[in-house]
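In what follows, a structure is listed as structure tokens, so that the remarks can point back to it.
Taken together, the values in this text are just the output of simple stated rules run on the coordinates, not laboratory data. Quick caveat, the model's predicted, so the values are computed rather than measured. Glycine gets a Cβ as well: all are built from the backbone with ideal geometry, and neighbour counts include every protein chain shown.
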Amino acid sequence: MSRGESATPLAKVRGLGSAHHGGHHWLEERFTSISLILLSLWLLFSLIMLPALDRGTVSEWLGSAWGAVPMALFIIAAFKHGLDGLKVVVDDYVHEDGTRIGIHFILSMAAIAGGAISLFALAKIAFGAN
Amino acid sequence: MSTIPNRPLSPHLTIWKWGPHMTVSILHRITGTGLTVVGLAVLAWWLAALAAGDEAYALFSAVAQHWAGMIILVGLTWAFWQHLFSGLRHLVLDTGAGYELRVNRFWSVMTLVFSLFATAFTWWILMGVGR
């Protein structure tokens, strides 16, 4: 890991951290966190402002662009941020590389599956399949 | 990342007192994990039920309005606010600010106060005050 005195600051941090991926993962987690401040508050306030939470009212809201587009962004950001966060927790407490990478794989598959299910359901609501 | 062999270890590592910053730090992980595992599962179920039809949505609504479902939803609401306020604190700490002992302690306690207040306020509105 030692690169000597001539290494650039970037080269010195590449591959560091318990995940050995340097600062990229950390920065992405911050980007999604800032997006989620806006998107999660939007979701909460939208739910509070809806006149009712029955299927018809909620579907009509999610059928409009003002409901569907931020909800799609929320789904993507939330699953990405949740996956990034869980990976950090695993990195800190699971030290054996094979197990660690195996858990990362399972978590990634679960997050992608959950995100895909949510986005498909949203598309079905928005484009009025029934 | 070269390590010096036989380097003396600081004796203070075992001398410490539990503080609010430690509580908030571990709560950030617990609430984040809870929001991801439970919260995103509820989100996916809610959207899938909306898409699937009246019967599926009626089942979701029944579970959500059951006392056990309510406990989970109130817990998720608190986890959301705690993670949000704690996350905002972390974004400030990431800039290198707020590490002075008293400032750090103050904002740690404030995340706990704000999240409890915000959770109570959210459900006060949701329980029909605004409806």
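What the table below lists for this structure:
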{"read-out": "Charge tally in the Cβ shell below 12 Å around B:Trp107, where Lys, Arg are +1 and Asp, Glu are -1, B:Trp107 excluded", "value": "+2"}
{"read-out": "Rounded to the nearest 20 debye, dipole of region A:23-126 from Cβ charges on Lys, Arg, Asp, Glu", "value": "320"}
{"read-out": "Simple Cβ-charge dipole of the protein assembly as shown, Lys/Arg +1 and Asp/Glu -1, about Cα centre, in debye nearest 20", "value": "580"}
{"read-out": "Computed label-point distance, nm, for sites A:Ser108 and A:His24 using a 7 Å Cα→Cβ extension", "value": "1.1"}
{"read-out": "Debye log10 I(q)/I(0) for chain B, one point scatterer per Cα, at q = 0.09, 0.12, 0.21 Å⁻¹", "value": "-0.42, -0.65, -1.23"}
{"read-out": "Rounded Å value of the spacing that divides the Cα centres of region A:52-96 and region B:39-115", "value": "12"}
{"read-out": "DSSP loop GluC sites (Glu not before Pro) with at most 13 other Cβ within 10 Å excluded, longest remaining stretch of chain A", "value": "A:6-95"}
{"read-out": "Dipole of the protein assembly as shown, positive end: most advanced residue of A:Leu50, B:Thr36, A:Val90 [Cβ charges, Cα centre]", "value": "A:Val90"}
{"read-out": "Mean shadow area of chain A, taken as a quarter of the surface of its Cα convex hull (nm²)", "value": "10.4"}
{"read-out": "Note, ³J(HN,Hα) from phi for region A:38-48, Karplus 6.51, -1.76, 1.60, rounded to Hz, x at Gly and Pro", "value": "5, 5, 6, 5, 4, 4, 4, 5, 4, 5, 5"}
{"read-out": "Loop chymotrypsin sites (Phe, Trp or Tyr not before Pro), region A:46-128, which have at most 12 other Cβ atoms in a 10 Å radius of their Cβ (DSSP)", "value": "A:Phe127"}
{"read-out": "Computed [θ] at 222 nm, helices only, for chain B once each DSSP H run of length n ≥ 4 contributes -39500 (n - 2.57)", "value": "-24000 deg cm²/dmol"}
{"read-out": "Structure-based [θ]222 nm, chain A - -39500 (n - 2.57) summed over DSSP H runs of at least 4, per residue, nearest 500", "value": "-26000 deg cm²/dmol"}
{"read-out": "Under DSSP loop assignment and at most 13 Cβ neighbours within 10 Å, longest chymotrypsin sites (Phe, Trp or Tyr not before Pro)-free interval of chain B", "value": "B:19-98"}
{"read-out": "Solution diffusion estimate, µm²/s, Stokes-Einstein, the protein assembly as shown, Kirkwood Rh from C-alpha pairs, 20 °C, viscosity 1.002 mPa s", "value": "103"}
{"read-out": "Number of partner chain Cβ atoms within 10 Å, mean per residue of B:45-57", "value": "5"}
{"read-out": "Charge tally in the Cβ shell below 12 Å around A:Asp54, where Lys, Arg are +1 and Asp, Glu are -1, A:Asp54 excluded", "value": "-1"}
